[in-house]
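Below is one structure, written out as structure tokens, with a few remarks after it.
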Amino acid sequence: MSSKKIPTLRIGDLEAEIPIIQGGMGVGVSLSNLSSAVANAGGIGVIATPGIGQFEADWHENPWEANERALRKEIRKTKAKTSGIIGVNLMLALSDIDDLLQCCVDEGVNVLFLGAGLPVRLPETLPLDRLGELATKFVPIVSSARATKIIFKSWAKRYSHVPDAVVVEGPLAGGHLGFKREHIDNPDYALEKILPDVITVVKPYEEQFNKNIPVIAAGGIYTGADIHKIMQLGAQGVQMGTRFVATYECDASDEFKESYINCKKEDIVIIDSPVGLPGRAIRDKFLERISSGVKETFKCSWKCLKSCDFKNVPYCIGLALTNAKKGDLENGFAFAGANAYRVDKIVSVKELIETLVEEYTAVETQQSTASGIPT
């Protein structure tokens, strides 16, 4: 390996040795085991909140309390296993988003990743006039320059403060996508196209608020060479989900991980989620059953997503994802990124990150040699 290292990622006063954020993956796919392993390897490990209270004894009777209790437990378990940087991914579409966000701040989570909506307003329970004094950093996940502009303009006006970083997620990501179905394969909406536009929006706010605001790229990034390419375009870090599923430390079942290893390119499909968004998943018997028009029988304990019309949807997505996480893929499915079919083995988080750094460094060395710059 070359002596030249991959750049670090700075978010405010936090510095990750490796500029890789492990994407938050629900339901229950990225919890304390995976997030702590990533943080220990020098990246930023992320706990996902959707359905986090599912294994609490009172989940069906008291879902809000169960979610908050489980989140608190996972944060503390993660902190006990690592002194590295940890984050929590919060879906703004969750019914109990305000309580979960407050819980994260109270527990001293390093970074909050805010997705599935535009965080133009924060809970009134936060010290909104002193957001910059909080230890927790705020990082919205966006899919366009327009969304970035709306968030930053709103925060600057309301709070005299702006987010500490931005994750821009392209259409090759796994799970729910922030794109219209017809835009997913349109090259005009590719990550490489939208990233520079987001950087352009953020730049004036860096000057106005006198701080570095890194733009982090996500969606379809698979190798160290991919990381190098996207960072050459101005990203200061990357977020990756799919690669971390195929690790020993991932909190999902072996069956869930094997669905990645066994899938082919044609098995990665775009589905219409019950909550009205397109999503990328691995085709299986459950999805085939649903696409044939079958309506699953389920009981909704609570309306976990604000936009879910649970009385009329063909299945409960929370239940389907929970079943898959546990290994019951007859009654559920796995979300996955566009490159999931390339996964061919399970590795440790440490080995994965070392491989990605080696691949990054190899490209860097090759380019430096070609240009005559010593490494």
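Every number in this text was worked out from the coordinates using simple rules, so none of it is lab data. What you are looking at is a predicted structure, and each value in this text was computed from that prediction instead of being measured. Here Cβ is always computed from backbone atoms with ideal geometry, including for glycine, and neighbour counts include all displayed protein chains.
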>> I want to check the label-to-label distance for residue 254 and residue 295. Put each point 7 Å from Cα in the C-beta direction and report it in nm to one decimal.
In response: 3.9 nm
> What FRET efficiency would be calculated for the residue pair residue 102, residue 60, taking the C-beta separation as r and a Förster radius of 25 Å, to the nearest 0.05?
Replying inline: 0.60
> Taking amide hydrogens as modeled 1.01 Å from N in the peptide plane, which residues meet the under 5 Å criterion relative to residue 347, leaving out close sequence neighbours?
Replying inline: 247, 248
>> Regarding the chain, what's the average projected area of the Cα-atom convex hull, expressed in nm²?
In response: 18.3 nm²
> Toward the positive end of the charge dipole of the chain, about the Cα centre and with charges on Cβ (Lys, Arg +1; Asp, Glu -1), which of 187, 230, 154 goes farthest?
Replying inline: 154
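Do any GluC sites (Glu not before Pro) in the stretch 1-110 lie in a DSSP loop with no more than 11 other beta carbon atoms within 10 Å, and if so, which?
Working: sites: 15, 17, 56, 61, 65, 68, 74, 107; in loops: 17, 56, 61, 107.
Sparse-neighbourhood loop GluC sites (Glu not before Pro): 61.
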>> Please report the net charge: other residues with Cβ closer than 12 Å to the Cβ of residue 123, K and R +1, D and E -1.
In response: -4
>> Suppose we keep just the alpha-carbon trace of the stretch 232-286; what are its Rg and Dmax in angstrom?
In response: 14.1, 41
> How big is the shadow of the Cα convex hull of the stretch 2-89, averaged over all directions, in nm²?
Replying inline: 6.3 nm²
>> With the cut-off at 32 Å, tell me which of the pairs 193/326; 77/180; 73/203; 157/229; 157/350; 73/257 have Cα atoms farther apart than that.
In response: 193/326; 77/180; 73/203; 157/229; 157/350
>> Can you say what percent of the DSSP beta bridges in the chain, counting only those with both residues inside, are antiparallel? Round to 5.
In response: 30 percent
